Structure formats: structure tokens, C-alpha cells
Amino acid sequence: MRLTLGEVFDPGTILLNLAGTTKDEVFRELIDAIAAVHSECDKTATLAALWEREKKLSTGISSGVAIPHAVCGGIGMAAGAVGISSAGIEYGALDEKPVHIIFLLILGEGTKEDHLHILDQIFTLVRTEAVTLIKNAKSAQEVYEMLSRYNV
């Protein structure tokens, strides 16, 4: 059975008001949120894996959305965090516009087969009105419920 977004994300890893103003600060903030829920997450290895992936091509896709992701040992599952920045972050996105919503994914070695499926769910989601609803959400629970309902 394929993972759903509700299984990847947790209300505790959804940050409505990112404090970070740079890509590195935001990566660290979202990794900290994942590590708070998944204590087995190696924050240093995760950050290194994200930057290694980011060197290949920016994960800022367009429309103010980025999906940084990496396979990283030390976590046995797929785990994600969502960060929202109303001001926007200069991210080096492919469309050269600021990013407002970041879906950060850490995929354990055992979840590689779910990698493309999870990315596809997010790509499909961001092409709908859900992006506006997520950006304007009033609570982490509201975002989580939206992600949980959205299955492709």
C-alpha cells in the first residue's frame, strides 16, 4: 500500500510562520520540526543530504512552492514538514520568484519506492486551489487535515 500525505506529514511538523529568511535557515527549522517528532532523525546528515540534492537542481518548482527532498539513512520512514512564509524566501526557484510554501521530505532507505509517489501527490496538490488554502491556513491542524484528505 502506498503512503498518503497524511502518513508523511504530522501536525507537529507544520510551521505556519517560518522564522527563517534564507534557504539554509528554513531547512534547519523544518529539520528541527521533523526531529522533534522523529527522534531518530540525524539532523546533520539530513541537512547534508538536502544540500547535496539541492546542488543538482533547485527544488523550488514554481508558483511559490519548493519541495526539497532527500534520501537519508537514520530515519526508517518517509517524514515531511511543511513551512509557510508569508513574506517569501529567496530560494533560487526555477521561476526565480520567492517561495512561500515548502514541503520538505526526508525519505528513509526503506521508503525509496514511495519517493516518486509522494512527490507526485505533492505536485498534483500544488496545481490545485489547495496551495492558496494552505498558504492562508489558520492552524497546523487545518493544513494537516487538508493533506490527509488529499490522496492521488
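The values are calculated or read from the model by the stated rules, or taken from the named source; none is laboratory data. Quick caveat, the model's predicted, so the values are computed rather than measured. Neighbour counts are summed over all protein chains in view; Cβ atoms, including those assigned to glycine, are modelled from backbone coordinates with ideal geometry.
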query: What is the one condition in (1) under 19 Å from Ile118 (Cα atoms); (2) among the β-branched types (Val, Ile, Thr); (3) touching a residue at least 40 places away in the same chain (Cβ under 8 Å) that Val26 does not satisfy?
result: (1)
- request: Kindly provide the set of residues from the range 39-71 that are touching a Gly at 6+ places or on another chain (Cβ under 7 Å) and of a type in the set (A, V, I, L, M, F, W, C), ordered by number.
  value: Cys41, Ala45, Ala66
query: Only one of Ser62, Ser39, Ser58 is farther than 23 Å from Asp95 by Cβ, free of Cβ contacts under 8 Å to residues at least 60 places away in the same chain and hydroxyl-bearing (Ser, Thr, Tyr); which?
result: Ser39
query: Of all residues in the range 34-55, how many are charged (D, E, K, R) and in a loop (DSSP other than H, G, I, E, B)?
result: 2
- prompt: Could you say which residue among Gly64, Gly76, Gly88 is more than 11 Å from the chain's Cα centre (by Cα) and more than 17 Å from Val126 (Cα to Cα)?
  reply: Gly76
- request: Filter the range 65-83 for residues that are among the hydrophobic types (A, V, I, L, M, F, W, C), closer than 12 Å to Phe27 by Cα and touching a residue at least 40 places away in the same chain (Cβ under 8 Å) and give the result.
  value: Ile67, Ala81, Val82
- request: Go through the residues of the range 99-113 one by one and say whether even a single one is more than 22 Å from Gly6 (Cα to Cα) and modelled with pLDDT of 90 or more.
  value: yes
- prompt: What tally of residues in the range 92-145 results from selecting those that are in contact (Cβ under 8 Å) with a residue 60 or more places away in the chain, in a helix (DSSP H, G or I) and either in contact with a Phe, Trp or Tyr (Cβ under 6 Å, 6 or more places away or on another chain) or surrounded by 14 or more Cβ atoms within 10 Å (Cβ to Cβ) (or both)?
  reply: 14
query: Are any residues in the range 25-61 farther than 19 Å from Gly74 by Cβ and among the hydrophobic types (A, V, I, L, M, F, W, C), and if so, which ones?
result: Val26, Leu57, Ile61
Selection within the range 56-90 - touching a helix residue (DSSP H, G or I) at 6+ places or on another chain (Cβ under 7 Å), buried (at least 18 other Cβ atoms within 10 Å of the Cβ), at pLDDT below 90 and part of a loop (DSSP other than H, G, I, E, B): Cys72
